[in-house]
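Structure, as C-alpha coordinates:
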Amino acid sequence: MYLKTQVEVKDIKLSGTLDQTMDKLSVKFSFGSVFFELFDLENNDVHDSRGSFRLTYITELNVPEALISLMEAYCDGKQLKPNYKARAISIADLSINDGPEQPLSMYPKKLEIFLLDQIDKNSSRLKSFVSTLRWRFNIDTNINPCSRINSYCSKNKNTAWRLIKNLEVRKCYLKDIAIPINLAFSEDTLELSVAEDGEPTGHELLREAKEISSVSVRASLIMGIASVEVRLKDLISSRSPSSEWLIKSIPSPPIPKIISNYLPELFDEYKDEILAFKKTNHCILICKQIEKRNITSHTGELPQSIVIHELLYSVEQFLWFCDFLSGFEWAREYFDEEVSNCFSK
(Lines give C-alpha, C1' and ligand atoms only; values in the text may rest on other atoms or scores of the structure.)
Protein backbone atom coordinates (compact mmCIF):
# COMPACT_ATOMS: atom_id res chain seq x y z
CA MET A 1 0.00 0.00 0.00
CA TYR A 2 1.14 3.55 -0.76
CA LEU A 3 0.87 7.06 0.62
CA LYS A 4 0.97 10.11 -1.67
CA THR A 5 1.52 13.56 -0.21
CA GLN A 6 1.23 16.71 -2.31
CA VAL A 7 2.21 20.27 -1.46
CA GLU A 8 1.08 23.15 -3.64
CA VAL A 9 2.39 26.71 -3.58
CA LYS A 10 0.11 28.87 -5.68
CA ASP A 11 0.31 32.16 -7.52
CA ILE A 12 3.99 32.93 -7.09
CA LYS A 13 6.35 35.00 -9.19
CA LEU A 14 8.91 32.97 -11.13
CA SER A 15 12.13 33.85 -12.89
CA GLY A 16 14.78 32.00 -14.85
CA THR A 17 14.67 29.91 -17.97
CA LEU A 18 12.33 26.95 -18.17
CA ASP A 19 13.74 24.08 -20.19
CA GLN A 20 11.67 21.38 -21.88
CA THR A 21 11.76 18.96 -18.94
CA MET A 22 11.29 21.45 -16.13
CA ASP A 23 7.50 21.52 -16.09
CA LYS A 24 7.47 17.98 -14.72
CA LEU A 25 10.59 16.37 -13.31
CA SER A 26 11.77 14.00 -10.61
CA VAL A 27 14.07 15.40 -7.93
CA LYS A 28 16.14 13.05 -5.78
CA PHE A 29 16.35 13.77 -2.06
CA SER A 30 18.09 11.65 0.57
CA PHE A 31 14.71 10.25 1.63
CA GLY A 32 13.49 9.45 -1.91
CA SER A 33 12.27 11.03 -5.13
CA VAL A 34 9.92 13.99 -5.25
CA PHE A 35 8.02 14.94 -8.40
CA PHE A 36 7.91 18.62 -9.29
CA GLU A 37 5.27 20.15 -11.55
CA LEU A 38 4.65 23.70 -12.73
CA PHE A 39 1.05 24.62 -13.50
CA ASP A 40 -1.22 27.63 -14.03
CA LEU A 41 1.58 29.54 -15.80
CA GLU A 42 0.58 32.90 -17.21
CA ASN A 43 2.55 32.12 -20.36
CA ASN A 44 5.06 29.60 -21.68
CA ASP A 45 7.98 31.88 -20.87
CA VAL A 46 8.55 31.43 -17.15
CA HIS A 47 10.77 34.52 -16.89
CA ASP A 48 8.95 37.15 -14.82
CA SER A 49 5.77 35.11 -15.04
CA ARG A 50 3.39 33.99 -12.33
CA GLY A 51 2.38 30.43 -11.74
CA SER A 52 2.16 27.61 -9.23
CA PHE A 53 4.15 24.52 -8.43
CA ARG A 54 3.31 21.17 -6.88
CA LEU A 55 5.56 18.70 -5.07
CA THR A 56 4.47 15.05 -4.93
CA TYR A 57 6.08 12.46 -2.69
CA ILE A 58 4.99 8.79 -2.83
CA THR A 59 6.10 6.19 -0.30
CA GLU A 60 5.32 2.53 0.20
CA LEU A 61 3.73 2.01 3.59
CA ASN A 62 5.05 -0.57 6.00
CA VAL A 63 1.65 -1.45 7.43
CA PRO A 64 1.62 -3.50 10.65
CA GLU A 65 0.08 -6.92 10.11
CA ALA A 66 -2.75 -6.15 12.54
CA LEU A 67 -3.77 -3.15 10.37
CA ILE A 68 -3.49 -4.64 6.89
CA SER A 69 -7.14 -5.64 6.43
CA LEU A 70 -8.35 -2.34 7.89
CA MET A 71 -5.95 -0.37 5.70
CA GLU A 72 -7.06 -2.27 2.60
CA ALA A 73 -10.70 -1.55 3.41
CA TYR A 74 -9.91 2.14 3.81
CA CYS A 75 -8.01 2.26 0.50
CA ASP A 76 -10.96 0.52 -1.18
CA GLY A 77 -13.16 3.43 -0.15
CA LYS A 78 -15.14 1.77 2.60
CA GLN A 79 -16.92 4.19 4.89
CA LEU A 80 -18.92 4.01 8.08
CA LYS A 81 -22.14 2.12 7.61
CA PRO A 82 -25.22 4.30 6.99
CA ASN A 83 -26.66 5.91 10.13
CA TYR A 84 -23.56 4.96 12.11
CA LYS A 85 -22.86 7.99 14.32
CA ALA A 86 -19.97 6.90 16.53
CA ARG A 87 -16.32 6.24 15.70
CA ALA A 88 -15.86 2.87 13.99
CA ILE A 89 -14.27 0.22 16.18
CA SER A 90 -13.39 -2.44 13.62
CA ILE A 91 -13.66 -3.33 9.95
CA ALA A 92 -17.13 -4.74 10.68
CA ASP A 93 -18.38 -1.16 11.08
CA LEU A 94 -17.36 -0.25 7.50
CA SER A 95 -18.97 -0.85 4.12
CA ILE A 96 -19.02 0.44 0.55
CA ASN A 97 -21.86 2.96 0.41
CA ASP A 98 -22.85 6.31 -1.07
CA GLY A 99 -22.90 8.15 2.23
CA PRO A 100 -20.96 11.36 2.85
CA GLU A 101 -17.19 11.12 3.23
CA GLN A 102 -16.24 10.82 6.89
CA PRO A 103 -13.11 12.35 8.46
CA LEU A 104 -10.28 10.06 9.50
CA SER A 105 -11.20 10.69 13.14
CA MET A 106 -14.34 8.59 12.64
CA TYR A 107 -12.35 5.48 11.71
CA PRO A 108 -10.74 3.06 14.19
CA LYS A 109 -8.28 4.89 16.41
CA LYS A 110 -5.34 2.62 15.57
CA LEU A 111 -5.79 3.37 11.85
CA GLU A 112 -5.97 7.12 12.50
CA ILE A 113 -2.79 7.08 14.61
CA PHE A 114 -0.87 5.10 12.00
CA LEU A 115 -1.91 7.26 9.03
CA LEU A 116 -1.43 10.59 10.79
CA ASP A 117 2.08 9.57 11.80
CA GLN A 118 2.95 8.66 8.19
CA ILE A 119 1.33 11.82 6.83
CA ASP A 120 3.25 14.00 9.29
CA LYS A 121 6.59 12.47 8.24
CA ASN A 122 5.94 12.95 4.53
CA SER A 123 4.44 16.43 4.72
CA SER A 124 7.23 17.62 7.04
CA ARG A 125 9.82 16.68 4.42
CA LEU A 126 8.05 18.65 1.71
CA LYS A 127 7.31 21.64 3.93
CA SER A 128 10.97 21.70 4.94
CA PHE A 129 11.97 22.11 1.30
CA VAL A 130 9.45 24.93 0.74
CA SER A 131 10.77 26.58 3.90
CA THR A 132 14.33 26.33 2.55
CA LEU A 133 13.27 27.99 -0.72
CA ARG A 134 11.80 31.04 0.98
CA TRP A 135 14.95 31.42 3.13
CA ARG A 136 17.46 30.91 0.31
CA PHE A 137 15.70 33.28 -2.09
CA ASN A 138 14.48 35.77 0.53
CA ILE A 139 10.81 35.31 -0.32
CA ASP A 140 8.48 37.28 1.91
CA THR A 141 5.63 34.88 2.65
CA ASN A 142 3.25 34.60 5.53
CA ILE A 143 4.13 32.14 8.31
CA ASN A 144 2.74 29.14 6.42
CA PRO A 145 3.78 29.34 2.76
CA CYS A 146 2.07 26.19 1.48
CA SER A 147 -1.23 26.91 -0.22
CA ARG A 148 -2.45 23.33 -0.01
CA ILE A 149 -1.25 20.03 1.43
CA ASN A 150 -3.16 16.85 0.61
CA SER A 151 -2.49 13.20 1.37
CA TYR A 152 -3.88 10.15 -0.43
CA CYS A 153 -3.60 6.39 -0.03
CA SER A 154 -3.85 3.51 -2.49
CA LYS A 155 -3.53 -0.29 -2.42
CA ASN A 156 -1.08 0.07 -5.28
CA LYS A 157 0.10 2.97 -7.40
CA ASN A 158 -2.06 1.93 -10.34
CA THR A 159 -5.41 2.07 -8.57
CA ALA A 160 -7.43 5.12 -7.54
CA TRP A 161 -6.04 7.30 -4.77
CA ARG A 162 -8.31 8.02 -1.81
CA LEU A 163 -8.04 11.47 -0.23
CA ILE A 164 -7.17 11.01 3.42
CA LYS A 165 -6.87 14.52 4.66
CA ASN A 166 -6.74 18.05 3.38
CA LEU A 167 -4.20 19.31 5.90
CA GLU A 168 -3.97 22.98 5.07
CA VAL A 169 -5.54 25.55 2.77
CA ARG A 170 -3.90 28.94 3.09
CA LYS A 171 -3.24 31.89 0.89
CA CYS A 172 0.37 32.42 -0.06
CA TYR A 173 1.54 36.04 0.09
CA LEU A 174 4.67 36.92 -1.81
CA LYS A 175 6.35 40.19 -2.61
CA ASP A 176 7.88 40.81 -6.01
CA ILE A 177 11.03 38.82 -5.30
CA ALA A 178 10.71 35.75 -7.51
CA ILE A 179 11.83 32.14 -7.17
CA PRO A 180 14.53 31.50 -9.80
CA ILE A 181 12.95 28.20 -10.72
CA ASN A 182 16.00 26.88 -12.58
CA LEU A 183 18.05 27.31 -9.38
CA ALA A 184 15.41 26.15 -6.92
CA PHE A 185 16.15 22.52 -7.67
CA SER A 186 19.89 22.85 -8.12
CA GLU A 187 22.20 20.52 -6.21
CA ASP A 188 23.25 23.32 -3.84
CA THR A 189 19.66 24.13 -2.89
CA LEU A 190 18.74 20.47 -2.39
CA GLU A 191 21.79 19.93 -0.18
CA LEU A 192 20.90 23.04 1.80
CA SER A 193 17.38 21.72 2.39
CA VAL A 194 18.62 18.38 3.68
CA ALA A 195 21.47 19.79 5.79
CA GLU A 196 19.53 22.62 7.43
CA ASP A 197 16.11 20.95 7.63
CA GLY A 198 14.38 24.08 6.42
CA GLU A 199 14.62 27.74 7.34
CA PRO A 200 16.67 28.59 10.48
CA THR A 201 14.54 29.24 13.56
CA GLY A 202 15.71 32.84 13.81
CA HIS A 203 14.26 33.61 10.38
CA GLU A 204 11.02 31.85 11.27
CA LEU A 205 10.67 33.97 14.42
CA LEU A 206 11.33 37.13 12.42
CA ARG A 207 8.61 36.10 9.98
CA GLU A 208 6.21 35.71 12.90
CA ALA A 209 7.27 39.10 14.28
CA LYS A 210 6.46 40.72 10.92
CA GLU A 211 3.14 38.89 10.75
CA ILE A 212 1.93 40.35 14.07
CA SER A 213 3.55 43.78 13.80
CA SER A 214 0.37 45.45 12.61
CA VAL A 215 -1.64 43.83 15.39
CA SER A 216 0.66 44.09 18.40
CA VAL A 217 3.86 46.15 18.42
CA ARG A 218 4.65 44.76 21.88
CA ALA A 219 4.48 41.13 20.77
CA SER A 220 6.39 41.95 17.58
CA LEU A 221 9.17 43.63 19.61
CA ILE A 222 9.52 40.60 21.89
CA MET A 223 9.49 38.17 18.96
CA GLY A 224 11.95 40.25 16.92
CA ILE A 225 14.56 40.39 19.68
CA ALA A 226 14.00 36.68 20.35
CA SER A 227 14.90 35.96 16.72
CA VAL A 228 18.23 37.77 17.22
CA GLU A 229 18.98 35.80 20.39
CA VAL A 230 18.07 32.44 18.86
CA ARG A 231 20.10 33.05 15.69
CA LEU A 232 23.12 34.18 17.69
CA LYS A 233 22.92 31.07 19.89
CA ASP A 234 22.71 28.83 16.83
CA LEU A 235 25.65 30.63 15.23
CA ILE A 236 27.87 30.14 18.28
CA SER A 237 26.75 26.53 18.77
CA SER A 238 27.56 25.57 15.19
CA ARG A 239 30.99 27.23 15.35
CA SER A 240 31.88 25.96 18.83
CA PRO A 241 29.89 22.79 19.68
CA SER A 242 31.52 22.66 23.13
CA SER A 243 29.79 25.97 23.95
CA GLU A 244 26.33 24.79 22.89
CA TRP A 245 25.04 23.78 26.31
CA LEU A 246 26.28 26.96 27.97
CA ILE A 247 25.08 29.45 25.36
CA LYS A 248 21.67 27.81 24.93
CA SER A 249 21.07 27.65 28.68
CA ILE A 250 21.30 31.45 28.97
CA PRO A 251 17.71 32.77 28.67
CA SER A 252 18.79 36.20 27.42
CA PRO A 253 22.42 36.31 26.25
CA PRO A 254 24.29 39.64 26.56
CA ILE A 255 24.21 40.39 22.85
CA PRO A 256 26.27 43.63 22.83
CA LYS A 257 29.09 41.98 24.80
CA ILE A 258 29.01 38.83 22.67
CA ILE A 259 29.25 40.86 19.45
CA SER A 260 32.05 43.04 20.85
CA ASN A 261 34.16 40.50 22.69
CA TYR A 262 33.30 36.94 21.71
CA LEU A 263 32.36 36.85 18.02
CA PRO A 264 35.63 38.52 16.84
CA GLU A 265 37.59 35.77 18.60
CA LEU A 266 35.29 33.00 17.43
CA PHE A 267 35.41 34.20 13.80
CA ASP A 268 38.93 35.55 13.66
CA GLU A 269 38.91 35.57 9.84
CA TYR A 270 36.05 38.10 9.95
CA LYS A 271 37.17 40.05 13.00
CA ASP A 272 37.30 43.41 11.23
CA GLU A 273 33.92 42.88 9.55
CA ILE A 274 32.27 41.97 12.87
CA LEU A 275 33.68 45.03 14.61
CA ALA A 276 32.50 47.14 11.67
CA PHE A 277 29.03 45.60 11.88
CA LYS A 278 28.91 46.46 15.58
CA LYS A 279 29.10 50.15 14.59
CA THR A 280 26.27 49.99 12.06
CA ASN A 281 22.94 51.62 12.76
CA HIS A 282 21.39 48.15 12.60
CA CYS A 283 23.43 46.79 15.48
CA ILE A 284 23.09 49.98 17.53
CA LEU A 285 19.31 49.96 17.11
CA ILE A 286 18.99 46.28 18.06
CA CYS A 287 21.07 46.77 21.21
CA LYS A 288 18.92 49.73 22.26
CA GLN A 289 15.71 47.82 21.65
CA ILE A 290 16.91 44.90 23.78
CA GLU A 291 16.55 47.11 26.84
CA LYS A 292 13.06 48.11 25.76
CA ARG A 293 12.18 44.46 25.21
CA ASN A 294 13.31 43.70 28.76
CA ILE A 295 11.12 46.47 30.15
CA THR A 296 8.16 45.25 28.13
CA SER A 297 8.67 41.63 29.18
CA HIS A 298 8.76 42.48 32.88
CA THR A 299 6.18 45.25 33.10
CA GLY A 300 3.93 44.65 30.11
CA GLU A 301 4.32 48.32 29.21
CA LEU A 302 5.47 49.33 25.76
CA PRO A 303 8.16 52.05 25.85
CA GLN A 304 7.67 55.07 23.63
CA SER A 305 9.52 55.82 20.39
CA ILE A 306 9.58 52.31 18.94
CA VAL A 307 9.48 52.16 15.16
CA ILE A 308 8.83 48.45 14.82
CA HIS A 309 9.34 48.12 11.07
CA GLU A 310 12.71 49.85 11.28
CA LEU A 311 13.73 47.44 14.05
CA LEU A 312 12.57 44.35 12.13
CA TYR A 313 14.53 45.48 9.07
CA SER A 314 17.67 45.78 11.21
CA VAL A 315 16.98 42.35 12.70
CA GLU A 316 16.73 40.92 9.19
CA GLN A 317 20.13 42.39 8.29
CA PHE A 318 21.57 40.90 11.47
CA LEU A 319 20.22 37.47 10.54
CA TRP A 320 21.74 37.63 7.05
CA PHE A 321 25.05 38.67 8.60
CA CYS A 322 24.91 35.62 10.90
CA ASP A 323 24.03 33.40 7.95
CA PHE A 324 27.13 34.64 6.14
CA LEU A 325 29.30 33.91 9.19
CA SER A 326 27.75 30.43 9.24
CA GLY A 327 29.25 29.78 5.82
CA PHE A 328 26.35 30.72 3.54
CA GLU A 329 28.14 33.13 1.24
CA TRP A 330 24.99 33.70 -0.82
CA ALA A 331 23.57 35.61 2.17
CA ARG A 332 25.63 38.62 0.97
CA GLU A 333 23.07 39.00 -1.81
CA TYR A 334 20.68 40.38 0.80
CA PHE A 335 23.02 42.80 2.60
CA ASP A 336 22.03 46.42 2.29
CA GLU A 337 24.64 49.07 1.53
CA GLU A 338 25.54 49.69 5.16
CA VAL A 339 26.26 46.02 5.90
CA SER A 340 28.03 45.54 2.56
CA ASN A 341 30.37 48.39 3.49
CA CYS A 342 31.58 46.31 6.46
CA PHE A 343 33.36 44.18 3.84
CA SER A 344 34.77 47.03 1.78
CA LYS A 345 38.30 46.83 3.16
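The values are calculated or read from the model by the stated rules, or taken from the named source; none is laboratory data. It should be emphasised that the depicted structure is a prediction, and the values quoted were computed from it without experimental measurement. A quick note on method: Cβ atoms are made from the backbone with ideal geometry, for glycine too, and the neighbour counts reach across all protein chains shown.
Yes or no: region 38-60 includes at least one residue that is surrounded by fewer than 12 Cβ atoms within 10 Å (Cβ to Cβ) and either under 30 Å from Leu116 (Cα atoms) or at pLDDT 80 or above (or both).
Yes - at least one qualifying residue is present in region 38-60.
Name the one entry in Ile290, Ile274, Ile250, Ile225 that is surrounded by 14 or more Cβ atoms within 10 Å (Cβ to Cβ) and either over 15 Å from Ile308 (Cα atoms) or touching an Asp or Glu at 6+ places or on another chain (Cβ under 7 Å) (or both).
Ile274
For the structure I just gave you, tell me whether Tyr84 is surrounded by fewer than 21 Cβ atoms within 10 Å (Cβ to Cβ) and among the aromatic types (Phe, Trp, Tyr).
yes
Need pairs with beta-carbon distance below 8 Å; first residue surrounded by 14 or more Cβ atoms within 10 Å (Cβ to Cβ) and within region 89-115, second among the hydroxyl-bearing types (Ser, Thr, Tyr) and in a loop (DSSP other than H, G, I, E, B); sequence gap 6+ or separate chains.
The qualifying pairs are Asp93/Tyr84; Leu94/Tyr107; Pro108/Ser90.
For region 322-345, what are the residues that are among the hydrophobic types (A, V, I, L, M, F, W, C), in a loop (DSSP other than H, G, I, E, B) and within 21 Å of the chain's Cα centre (by Cα)?
The answer is Phe328, and nothing else.
Looking only at residues that are among the charged types (D, E, K, R) and surrounded by fewer than 16 Cβ atoms within 10 Å (Cβ to Cβ) in region 14-32, which one is modelled with the highest pLDDT?
Ranking the qualifying residues of region 14-32, first place goes to Lys28.
Starting from region 278-291, take each residue that is on the phi > 0 side of the Ramachandran plot and list its partners that are exposed (fewer than 14 other Cβ atoms within 10 Å of the Cβ) and not in a helix (DSSP H, G or I), counting only C-beta distances under 8 angstrom and pairs at least six apart or across chains.
none
Here is a yes/no grid of residues against (1) in a helix (DSSP H, G or I); (2) under 22 Å from Val339 (Cβ atoms); (3) more than 24 Å from the chain's Cα centre (by Cα); (4) not assigned by TED's automatic domain parsing to the domain that holds Gly327:
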residue: Ser227; (1), (2), (3), (4): yes, yes, no, no
residue: Pro251; (1), (2), (3), (4): no, no, yes, no
residue: Ile258; (1), (2), (3), (4): yes, yes, yes, no
residue: Tyr270; (1), (2), (3), (4): yes, yes, yes, no
residue: Gln289; (1), (2), (3), (4): yes, yes, yes, no
residue: Ile295; (1), (2), (3), (4): yes, no, yes, no
residue: Tyr313; (1), (2), (3), (4): yes, yes, no, no
residue: Glu316; (1), (2), (3), (4): yes, yes, no, no
